[in-house]
Structure formats: C-alpha cells, structure tokens
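The block underneath contains the structure these notes are about, expressed in structure tokens.
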Amino acid sequence: MDKKLTIAEIRERKGSGQRVVVLTAYDAAMARVLDSEGVDIVLVGDSLGMVLLGYDSTVPVTMDEMLHHCRAASRGVQRALLVADMPFLSYQVEPAEAVRNAGRFLKEAGCDAVKIEGGVAMADTVRALIRAGIPVMGHIGLTPQTASQLGGFRVQGKDLAAARSVLADARAIAAAGAFAIVLECLPAELAARVTRDVAVPTIGIGAGSACDGQVLVTHDLLGLFEKFTPRFVKRYAELAPQVRTAIQGFRDEVAAGRFPGPEHSFAMAAEVLARLDEEG
C-alpha cells in the first residue's frame, strides 16, 4: 500500500511542478477507484446534493447527509487525503459552531480535512479551525453555497474591483492557515495572479491551467450527470448512455424470459431431484 499523503506533502507541491489531482467521491466504491488511480485528494463535495440527492443546488445539503457519505468514502481511501465539504450554515454562524461541526468530520467520519467557502469574511473561522487542529482547504471565486449573492453561477473577478476582492480573499485565507485554496470560475489570468500571489497550492475548477492543481466533479468527468454541463468540464467518458443500454438489455431479456439463462443458474444433483419427484 502506498504511504498516506499528508497535508505537508500537499503544501510542498507549491511551485514544484507536481500538480495536485482532486476528484469527488461520495461512496466507498468510487473512493477506492480514485485512490487506486493516484488521485491526491478525494473530496466529498456538497455537490452530492445535486448529482446524487436530486436537489437543485448545494444549499439544502445537511450535516447528517455529508457525514453519512464521508463515512462511506473513508472506507475506500488509503493513500489520498479525504476532504469534506462543510455544508451551508454549518460554519457561517460563528467560529465555535464551525469548530464543533468540522470536528465531527474528522472524529466521526474519518476525514483528514474540511473545505469551507468564502474569503476575508471567513478568515477568523479558518484560524479557529486551525487552532483546533482541523486542517482547512479554502474555496473562493464562485462559491456555490452563496451563488445567489454573486449573481448566479457565473465567472467572478472580471472587473478591477472584483479582481482586487478575489486577491484579498486569497491572501486572507492563505494567511489564516489554509493548506490549499480552490479557485472556481475565475478568469485564467486572475487565477494565475492568485497562484503567484499565495504561498499555498491553488486548485482550479474553471480557473485556467496555471493553478497548482485541478478538481472536477467525478460524475461530470464520467458523463453520468446530464442535467447540465458547465463550460469548464471536460467529459473523459460518456457513461450515462452505456448505463441506459445495459438497463434496457436487462429489461428486455427479463421481459422475454431470456435472463437468467442456464449459465446464470445453479443445478441440483439428479438424485436429490429424483427423490423430491418420488415424494411428490
């Protein structure tokens, strides 16, 4: 088994040229696949609300739902860091509540760190989590939990004032002690500037190629989530049509009595069957 990655090793990727690979998993089976293929960070994202639970956004996701899926994913991870998204209103009210909730992800669900959204306004919360011994990944730019305040799911930091705000957010979260920062939906040039500006790895999603790593939702990468496809997503497979074809084949063979065949069935010894027939 490969040695477990550490927070320090992820931080040391900064400027090394070795990119940080991050993908999402919500169960043990997918987490095990990602871990075995060398993914550095398995993120149990609150995106599960949309890709698994059928919500229209990440906002309705609860602590109980996140803890359930984190516990499942932890059973499939050996090498990668396991990071949990803290759901909406689990950390924004006050730092003490954030510490209590974040601690549950480490204590009850086997996670190595938590991720929270927000910049300058969340710096004190990040510091409180770090003081409590809880590693934190930041998330700035487009923050899905508060997307309505940002004008919807759209690129952030496009004008001068907004770009300055993004830079201030990144500096604040890095200074507060986050070990990495997700940059979502930023102009590539601004993300490159942020990446140069902070001393911790940046993980891009819709933020260009200059970041120190990249993250995607695995269901997007595999073509399993069909409700919409963000521009920044590259589909490396189209599995949903293959799944449909397989289900249709099963449905049709069951309806026609072709499944199961002899090769999928178990036989009884002839003498036992004969005795049963004799007994009527």
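The values are calculated or read from the model by the stated rules, or taken from the named source; none is laboratory data. As the structure is a prediction and not an experimental result, all values here were calculated from the model. Neighbour counts run over all protein chains shown; Cβ positions are idealised from the backbone, glycine included. For accessibility, only protein heavy atoms count, side chains too; no ligands or nucleic acids. Shrake-Rupley method; radii C 1.70, N 1.55, O 1.52, S 1.80 Å.
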Next item on the list: Name the shape class, rounded, prolate or oblate, that the alpha-carbon gyration tensor gives for the stretch 26-183, where a ≥ b ≥ c are the square roots of its eigenvalues, rounded holds for a/c under 1.5, and otherwise prolate holds if a/b is larger than b/c and oblate otherwise.
Entry: prolate
Item checked: log₁₀ of I(q)/I(0) at q = 0.19 Å⁻¹ - the stretch 1-102, Debye sum with one point per alpha carbon -> -0.96
Check: Rounded to the nearest 20 Debye, what is the dipole magnitude of the chain about its Cα centre when Lys and Arg each give +1 and Asp and Glu each give -1 at the C-beta?
Finding: 1260
Margin query: Using only alpha-carbon positions, what ratio does the radius of gyration of the stretch 1-44 give when scaled by 2.2 N^0.38 Å?
Written below: 1.20
Margin query: Averaging over every viewing direction, what projected area does the convex hull of the Cα atoms of the chain cover, in nm²?
Written below: 20.0
Checklist line | Mean residue ellipticity (222 nm) of the chain, computed from DSSP H runs ≥ 4 via -39,500 (n - 2.57), nearest 500 | finding: -11500 deg cm²/dmol
Notebook entry, point to check: Counting only protein heavy atoms, what percent of the accessible surface of the stretch 17-92 is carbon or sulfur at a 1.4 Å probe?
Noted result: 52
Next item on the list: Provide the solvent-accessible area of Glu279, counting protein heavy atoms only and rolling a 1.4 Å probe, rounded to the nearest 10 Å².
Entry: 130
Checklist line | For the stretch 77-129, average projected area of the Cα convex hull in nm² | finding: 3.7
Notebook entry, point to check: Which of the helices in the chain, when you take each full DSSP H run, stretch at least 15 Å along the axis at their Cα atoms and have an average Kyte-Doolittle score of 0.0 or higher?
Noted result: 160-176, 239-256
Check: Can you give the three extents of the C-alpha atoms in the stretch 140-280 along their principal axes, from longest to shortest, in whole Å?
Finding: 89, 30, 26
Margin query: Would any residue of the stretch 194-211 have its amide N under 18 Å from a label point 7 Å out along Cα→Cβ of Ser165? List them or say none.
Written below: 194
Next item on the list: Any chance you could list the semi-axes, whole Å, largest first, of the equivalent ellipsoid that the Cα gyration tensor gives for the stretch 120-186, using √(5λ)?
Entry: 23, 12, 9
Notebook entry, point to check: What whole-number value in Å² describes the accessible area per residue of the stretch 170-217 for a 1.4 Å probe?
Noted result: 30
Margin query: Could you put Ser265, Ser74 in order of accessible surface area, largest first, with the 1.4 Å probe and the full protein assembly present?
Written below: Ser265, Ser74
Checklist line | Antiparallel bridges, percent of DSSP beta bridges restricted to the chain (to nearest 5) | finding: 5
Notebook entry, point to check: Residues with amide H under 5 Å of Lys115's amide H, sequence separation 5 or more or different chain, H placed in the peptide plane at 1.01 Å from N; which?
Noted result: Ala84, Asp85, Met86, Met137
Checklist line | the stretch 81-183: antiparallel DSSP beta bridges as a percent of all, rounded to 5 | finding: 10
Checklist line | Residues of the stretch 1-160: accessible area per residue with a 1.4 Å probe, Å² | finding: 45
Notebook entry, point to check: So how far, in whole Å, is the C-alpha centre of the stretch 50-83 from the one of the stretch 246-280?
Noted result: 40
Check: Say R0 is 25 Å: what FRET efficiency, to the nearest 0.05, do Ala175 and Ser209 get from their beta-carbon distance?
Finding: 0.45
Next item on the list: Report Thr146's accessible area, 1.4 Å probe, all protein chains in place, as a number in Å² to the nearest 10.
Entry: 40
